[in-house]
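The values are calculated or read from the model by the stated rules, or taken from the named source; none is laboratory data. Because the structure is predicted, anything quoted here is derived from the model rather than measured. Backbone-built Cβ (ideal geometry, glycine too); neighbour counts: all protein chains shown.
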Amino acid sequence: MRRAHPYICPAGYWTIGYGRLCKPDHPPINEEEGETYLRQDLRTALAATLRYCPVLAAEPEARLAAIVDFTFNLGAGRLQTSTLRRRINQRDWIAAGQELRRWIYGGGKVLPGLVTRREAEVALLLRNA
């Protein structure tokens, strides 16, 4: 598990476990609770991803995983209103990869961790493209 106690992520949000948003006074969690939160959050991200990008249901699993990770990281609202969503639903994988690379800012600055994360997502998205 990433963190048992609440912490402020690089983008400035209170977070716990593997990336669940929380309040600063959230009690510490154990490994099992962290895993439970992660499963719940991934189920939520998967449902939202398929709702906004239904074409991914018929694509390779790696492609779906890339966008579920994006949704897990940034939230369904960001996916819903993004050009990324349009490119995915057009099955324009190269343009979708370019759009993913734009989402590297947190707190108004480029975050190296987000650059690394987006590149991993792009690699999954473009696998077998």
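If you check R63, R87, R20, which single one turns out to be touching a residue at least 60 places away in the same chain (Cβ under 8 Å), surrounded by 16 or more Cβ atoms within 10 Å (Cβ to Cβ) and more than 16 Å from L114 (Cβ to Cβ)?
Only one candidate passes the filter, namely R63.
Please specify each residue of segment 49-86 satisfying the condition of being under 17 Å from G19 (Cα atoms), part of a helix (DSSP H, G or I) and out of contact with any Cys (no Cβ under 8 Å at 6 or more places or on another chain).
Of everything in segment 49-86, those that are under 17 Å from G19 (Cα atoms), part of a helix (DSSP H, G or I) and out of contact with any Cys (no Cβ under 8 Å at 6 or more places or on another chain) turn out to be A65, A66, V68, D69, F70, T71, F72, N73, L74, A76, G77, R78.
Looking at (1) at pLDDT 95 or above; (2) more than 13 Å from the chain's Cα centre (by Cα), can you tell me which one F70 breaks?
(2)
Would you confirm whether or not segment 10-26 contains a residue that is of a type in the set (K, R) and either assigned to a loop (DSSP other than H, G, I, E, B) or over 23 Å from A123 (Cα atoms) (or both)? Before the answer, list the steps.
Pass one, segment 10-26, residues of a type in the set (K, R): 20, 23.
Then keep just the ones that are either assigned to a loop (DSSP other than H, G, I, E, B) or over 23 Å from A123 (Cα atoms) (or both); that gives 20, 23.
Yes: one or more hits.
What is the number of the single condition among (1) out of contact with any Lys or Arg (no Cβ under 8 Å at 6 or more places or on another chain); (2) surrounded by 14 or more Cβ atoms within 10 Å (Cβ to Cβ); (3) under 16 Å from L124 (Cα atoms) that A58 does not meet?
All conditions pass for A58, except number (2).
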